[in-house]
């Protein structure tokens, strides 16, 4: 690969990263990504509003800080199962229950 091709690849990567950041920053839904160790890697502005945490307070910490019991224990099992089988299982509840900065909350 020549220098020109590398430059084009770098430019395309920068554009894609900027585009993705713009989408994450402006969607109305909270988007959180975690790694296989359950550590939060992304926490968009909508998630900040939903959970009453700033991204800098959550990124780098275990996702468990956002869940009241019994969800953290269940979630660890779901992630372990997903890593083993590749089959996803989502925690589903009628109302989002979250631990925000002010403590336990129920959202309509």
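Restricting to region 1-27, give me the number of residues that are over 11 Å from the mean Cα position of the chain (by Cα) and closer than 16 Å to residue 54 by Cα.
The number of residues fulfilling the criteria is 2.
With 25, 37 as the choices, which residue is modelled with pLDDT of 90 or more and assigned to a loop (DSSP other than H, G, I, E, B)?
Details: 25 fails: assigned to a loop (DSSP other than H, G, I, E, B).
Step by step, each of 25, 37 is checked, and only 37 is modelled with pLDDT of 90 or more and assigned to a loop (DSSP other than H, G, I, E, B).
Looking only at region 18-37, decide whether some residue is over 25 Å from residue 80 (Cα atoms) and touching a residue at least 40 places away in the same chain (Cβ under 8 Å).
Looking through region 18-37, none of the residues is over 25 Å from residue 80 (Cα atoms) and touching a residue at least 40 places away in the same chain (Cβ under 8 Å).
So, residue 17, is that one modelled with pLDDT of 90 or more and in contact with a strand residue (DSSP E or B) (Cβ under 6 Å, 6 or more places away or on another chain) or not?
Considered against the rule, which asks whether it is modelled with pLDDT of 90 or more and in contact with a strand residue (DSSP E or B) (Cβ under 6 Å, 6 or more places away or on another chain), residue 17 comes out as no.
Looking only at region 32-49, filter to residues that are farther than 19 Å from residue 19 by Cα and touching a strand residue (DSSP E or B) at 6+ places or on another chain (Cβ under 7 Å); which one of those is surrounded by the most Cβ atoms within 10 Å (Cβ to Cβ)?
The residue in question is 40.
Have a look at 88, 102, 98 and point out the one that is loosely packed, with under 11 Cβ neighbours inside 10 Å and at pLDDT below 70.
That would be 102, the only listed residue that is loosely packed, with under 11 Cβ neighbours inside 10 Å and at pLDDT below 70.
Name every residue in region 50-85 that is modelled with pLDDT under 85 and assigned to a loop (DSSP other than H, G, I, E, B), in order of residue number.
68, 69, 70
The values are calculated or read from the model by the stated rules, or taken from the named source; none is laboratory data. From a predicted model like this one, the values you see are computed outputs, not experimental measurements. Don't worry about glycine lacking a Cβ; one is built from the backbone with ideal geometry, like all the others, and counts go over all protein chains shown.
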